[in-house]
Amino acid sequence: MSTSNSLSVARKPRFSRAAVVASLALASATIGSSSAIAAIICSNFPAPVDVPATIDGAYVNFATGVVNLAGTVAGWDFNAYQTGGNLRFFTSTNAANTNRIVGTGTTADVLPAGTMIDGSSPLTTAGIVNPGALLGGVTNGYVGVAFNNEGTATTNYAWVSLSTTGPTGYPVTINQYCYQDDGSGIMAGTTPVSLQSYSVD
């Protein structure tokens, strides 16, 4: 019996030490690496943003959450505006605010919920982007965006939910946006809440 007790006592410190070392290593890797903690970041608009029917429209910086309805905003990532009486989007290749809309040529795609937006998504090639089916009027239509996150110097992928009115797209509101902050893809409509699963015992 004393042999059994002594084996038990001899093993306990070794197990505890190994467990503590493993726990510290895991905690260190998780806390020390910013890429280890990826997050979906979403807008926190108190209400949908009405896009003015002007040449400036609404400029949005996804990373900072700043929206400007009277001109540009530093590092903007999305711009919806009116020109020629119709809704349009503007994109940029400037280093400070590089962005593209998911679509073909000069036309944006309206994405169904669940569509993956990532590095394999087709991107528009022009600065002035036609809104495609959004002109006819949609409720909660998703537009995909690839943009340069100035906080991480990484290309991030986002979705923007818009509600529009035919036949010009106006009035238009920006309902919400979300993006994946580690450079990986995001599915249109995905939010942190929608990723949670619940079980009732």
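For this structure, a couple of remarks:
- Length added when fully stretched, Asp50-Thr155, from 0.36 nm per residue minus Cα-Cα: 35.1 nm
- Each of Val129, Val172, Val73 was scored by other Cβ atoms within 10 Å of its Cβ. Arranged with the fewest first, they read Val73, Val129, Val172.
- Mean Cβ count within 10 Å, highest first, over the residues of peptides 37-43, 141-147: 141-147, 37-43
A short reminder: the numbers here are calculations on the coordinates, not readings from a lab. Keep in mind the model is a prediction, meaning the values are calculated, not measured. Because the Cβ atoms are built from the backbone with ideal geometry, glycine has one as well, and the counts that use them run over all protein chains shown.
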